[in-house]
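Working notes, beginning with the structure itself.
The values are calculated or read from the model by the stated rules, or taken from the named source; none is laboratory data. Predicted, not measured: the structure shown is a model, and the values here were computed from it. Every residue, glycine among them, receives a Cβ derived from its backbone with ideal geometry; neighbour counts consider all protein chains shown. Keep in mind that these areas ignore ligands, DNA and RNA; they rest on the heavy atoms of the full protein, side chains included. Shrake-Rupley method; radii C 1.70, N 1.55, O 1.52, S 1.80 Å.
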Amino acid sequence: LQRKNVFESVKQSIADNVQFLESTSLNGDDIMKLTAEQQSFESKWNGLGQKIASVYVSGKSKRAKEIAAIDTMLSGWKERLDGLYWKSLDELFTEHSVPVAVFRSAPEFYANLNTYLDEEIRKARDEKDGQRYFRYQAFADSVWSRAIKPSWIPSMVASGKLTREQVDSLQMKIDEWENVVSPPLTTVYIIIGLVMLIV
């Protein structure tokens, strides 16, 4: 361990992981797997760091300095993962031109998405143009059902970022929005009847 300088190896490993995060784009599942790896690494370090330092680093001040440096790097790695999680999810909305306000944490995500849904439901009730359905479709089909619900929501619930009740409340608002923008069944039957009559 002395020959290889274990502390430099640990620092290099953390630095490599942080560099990897900066050079790739990931979805919710990917980031949760990387978070589990970071937590495992940190747990092992917490169990072994003091012991390794007491054996291989002479002097209390130097030992404390080495341990503090690695602890700081581990905290930075964890913060980078969390920041990447919310940044990647925020970019998903931006890519599909869904104007949810920027968020950087679970409470902000939940609050901003709620605000967006409330506003869209209000607009859908007030407006009667064809755009209201396309706005719903752009969100529900392209973003929520295709990406967020299968790839992000499970990781949020598993990690405690959102509760199952919060997810259900968001889904209820999305269902309400769909009901507001969808034509009533009687209108659909009239249209089908007219088409059949013409045929």
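Side notes on the structure shown:
- Some residue of region 94-108 being touching a helix residue (DSSP H, G or I) at 6+ places or on another chain (Cβ under 6 Å), aliphatic (A, V, I, L, M) and farther than 30 Å from A138 by Cα: no
- Restricting region 1-24 to residues that are over 19 Å from the mean Cα position of the chain (by Cα) and among the charged types (D, E, K, R), the residue that is least open to solvent (accessible area, probe 1.4 Å) is K11.
- Filter result for E178 (part of a helix (DSSP H, G or I) and loosely packed, with under 14 Cβ neighbours inside 10 Å): no
- Residues in region 25-42 that are open to solvent by less than 50 Å² (accessible area, probe 1.4 Å) and under 15 Å from the mean Cα position of the chain (by Cα): L26, G28, I31, M32, L34, T35.
- Number of residues in region 1-50 that are closer than 30 Å to R146 by Cα and assigned to a helix (DSSP H, G or I) equals 18.
- Just so you know, in region 73-123 the residues that are within 25 Å of S43 (Cβ to Cβ) and exposed (fewer than 13 other Cβ atoms within 10 Å of the Cβ) include one that is nearest to the chain's Cα centre (by Cα), and it is E79.
- Looking only at residues in region 128-153 that are surrounded by 13 or more Cβ atoms within 10 Å (Cβ to Cβ) and of a type in the set (S, T, Y), the one that is modelled with the highest pLDDT is Y136.
- Cβ pairs under 6 Å, 6+ apart, first in region 132-151 and aromatic (F, W, Y), second modelled with pLDDT of 90 or more and assigned to a helix (DSSP H, G or I): Y136/W177
- Residue in region 57-68 that is within 25 Å of T35 (Cα to Cα), of a type in the set (D, E) and surrounded by fewer than 18 Cβ atoms within 10 Å (Cβ to Cβ) present: no
- Of all the residues in region 1-45, those that are modelled with pLDDT of 80 or more and of a type outside the set (D, E) number 26.
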